[in-house]
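Engineer: Here it is, the structure, as structure tokens.
The values are calculated or read from the model by the stated rules, or taken from the named source; none is laboratory data. Remember, predicted model here, so these are calculated numbers, not experimental data. Neighbour counts are summed over all protein chains in view; Cβ atoms, including those assigned to glycine, are modelled from backbone coordinates with ideal geometry.
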Amino acid sequence: MNANSSNLQALQDRLRELLDATRLHTMRESNQGKRQALQDLHRQYQCAIPQEDQRAAPSNPNSEFSIVVVSRSLDASLSTHWAIAVVTNERSRHCRVFHVSDTHVMGLRALGWTAFVQDETLDRTSRYRGGVRIGFVRRDDLRRLEQTICGPGVPRPTSEMWDCEDWTLAVIRLLEAQGFALATAVLGADYGGVLINRLISDSLRAQRLTEERGSGPVFVQLSLLPEAGR
């Protein structure tokens, strides 16, 4: 293991410790010190990963899996569909992919908006355009994550304009509340507008890299911190 890998491992371990320490408190309750520490650590973490290494994976892929917000094209249209993937094999890009649909699920008409999960391989032949890494789940906690996403706890649609992006944000909030390790925790309680903008921006970045490389969907890190000058 080289020095850069050792530094990255140490930063990842420290990030988990800080996430665990702040999980029982909101970022608005006398927690500014920890929030600043998380932001500083995330800045170091981003710097420790080479910019060209957009496929950075968990430090121990045998015991934990990346959680990724992925996007794919819908048929021949320019529309995109968001889903949440758990990458169970980084090399083959085999994933457990969680979708929400109001049309058809496995050939059957869905009753309202229905969440479901299926195994998929996100390779170059798929319609996936890339993804954004937002956290990780331990192997022994994968079943609980599936039950959380596909269970009754996800808030129901609140308007006719509700779509897969709204569902994605609702799932992220729910996973945070259930104690899963998500990098989005540093954004605080009222982050809806900020997070959706970051996800859209990073999804476009992942899509551009996917098109440039032509070797299958590229996953990028969520850019939690604003760019300099903004």
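Engineer: Could you count how many residues in region 190-219 are out of contact with any helix residue (DSSP H, G or I) (no Cβ under 9 Å at 6 or more places or on another chain) and either of a type outside the set (S, T, Y) or modelled with pLDDT of 90 or more (or both)?
Structural biologist: 17
Engineer: Moving on to the next point. Would you confirm whether any residue within region 183-201 is closer than 21 Å to N89 by Cα, β-branched (V, I, T), under 17 Å from the mean Cα position of the chain (by Cα) and part of a helix (DSSP H, G or I)?
Structural biologist: There is no residue in region 183-201 that is closer than 21 Å to N89 by Cα, β-branched (V, I, T), under 17 Å from the mean Cα position of the chain (by Cα) and part of a helix (DSSP H, G or I).
Here's the yes/no breakdown for (1) part of a loop (DSSP other than H, G, I, E, B); (2) more than 13 Å from the chain's Cα centre (by Cα); (3) of a type in the set (A, V, I, L, M, F, W, C); (4) within 17 Å of S73 (Cβ to Cβ):
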site	(1), (2), (3), (4)
D123	yes, yes, no, yes
R129	no, yes, no, yes
R156	yes, yes, no, no
I172	no, no, yes, no
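Engineer: Also, I was wondering about something else. Could you please find all residues in region 90-112 being among the polar types (S, T, N, Q) and modelled with pLDDT of 85 or more? Full working, then the answer.
Structural biologist: Our first condition is that a residue be among the polar types (S, T, N, Q); within region 90-112, this holds for 92, 101, 103.
S92 - this is the single residue of region 90-112 that is among the polar types (S, T, N, Q) and modelled with pLDDT of 85 or more.
Engineer: Find the residue count for region 141-175, including only residues that are touching a residue at least 60 places away in the same chain (Cβ under 8 Å) and surrounded by fewer than 19 Cβ atoms within 10 Å (Cβ to Cβ).
Structural biologist: Here the count works out to 3.
Engineer: Pick out the one residue from R138, R127 that is modelled with pLDDT of 90 or more, of a type outside the set (G, A, S) and in contact with a strand residue (DSSP E or B) (Cβ under 9 Å, 6 or more places away or on another chain).
Structural biologist: Working: R127 fails: modelled with pLDDT of 90 or more.
Among R138, R127, only R138 is modelled with pLDDT of 90 or more, of a type outside the set (G, A, S) and in contact with a strand residue (DSSP E or B) (Cβ under 9 Å, 6 or more places away or on another chain).
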